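Values in this text are rule-based calculations from the coordinates and carry no lab data. Please read these numbers as outputs of a predicted model, since none were measured by experiment.
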Amino acid sequence: MAQIQFKSEQVRREYADHRVPPLLRRIVGFVAAVVPEPYDVLITDVWRSREETRRIYGRYKHSPHHHWRAVDLVLVGPDGGRAGDDVYTHVKARVGDAFSGLRPLWWPFPICIYHDVGRGKHLHLQVWRGAK
Ligand SMILES: [Zn+2]
């Protein structure tokens, strides 16, 4: 099973915060369980301020990171290299299969997105308000 690492002590503390829904940690644990060898999970972002979102996108944009309901992670090999697109696509499909059915009808968003918003490709995991 892949290790879960953190980009910084601050990110480690944020991930442990009680405002992070337990379901989100369960999904991260699932990712660690299905990531193929030799990759580990590196959590890069949890909470984000509105100002930081403005810096990233160049404008204000709603984000579940503002509400502790999203985690960004990358998959890193032992040499620090990132996994290829195929590995991310595989993990994203597994997350979708395992968790999409839990979404409430009023929250029609994907739980796992693979994208690059300017700081490199990563998996963005998100859950709905009130997720337990
Ligand atoms: Zn994100």
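What ratio of Cα Rg to 2.2 N^0.38 Å holds for segment 1-67?
Values: Rg = 13.5 Å, N = 67, 2.2 N^0.38 = 10.9 Å.
Rg over 2.2 N^0.38 Å, computed on Cα atoms: 1.24.
Helical runs assigned H by DSSP (4 residues or longer) give the chain a calculated mean residue ellipticity at 222 nm of -10000 deg cm²/dmol, each run adding -39500 (n - 2.57) before division by the residue total.
3J(HN,Hα) along segment 110-120: x, 6, 10, 10, 10, 7, 10, 10, x, 10, x Hz, from the Karplus curve 6.51 cos²θ - 1.76 cosθ + 1.60 with θ = phi - 60°, whole Hz, x for Gly and Pro.
Partners of K121 within straight-line reach, counting aspartates and glutamates whose Cα lies under 19 Å from its Cα and excluding those fewer than 8 residues away in the same chain: D40, D45, E52, D72, D79, D85, D86. Global dimensions of segment 4-126 from alpha-carbon coordinates: Rg and Dmax equal 14.0, 42 Å. Full extension of the chain between R13 and K121 yields a length gain of 36.6 nm, computed as 0.36 nm times the residue separation minus the alpha carbon distance.
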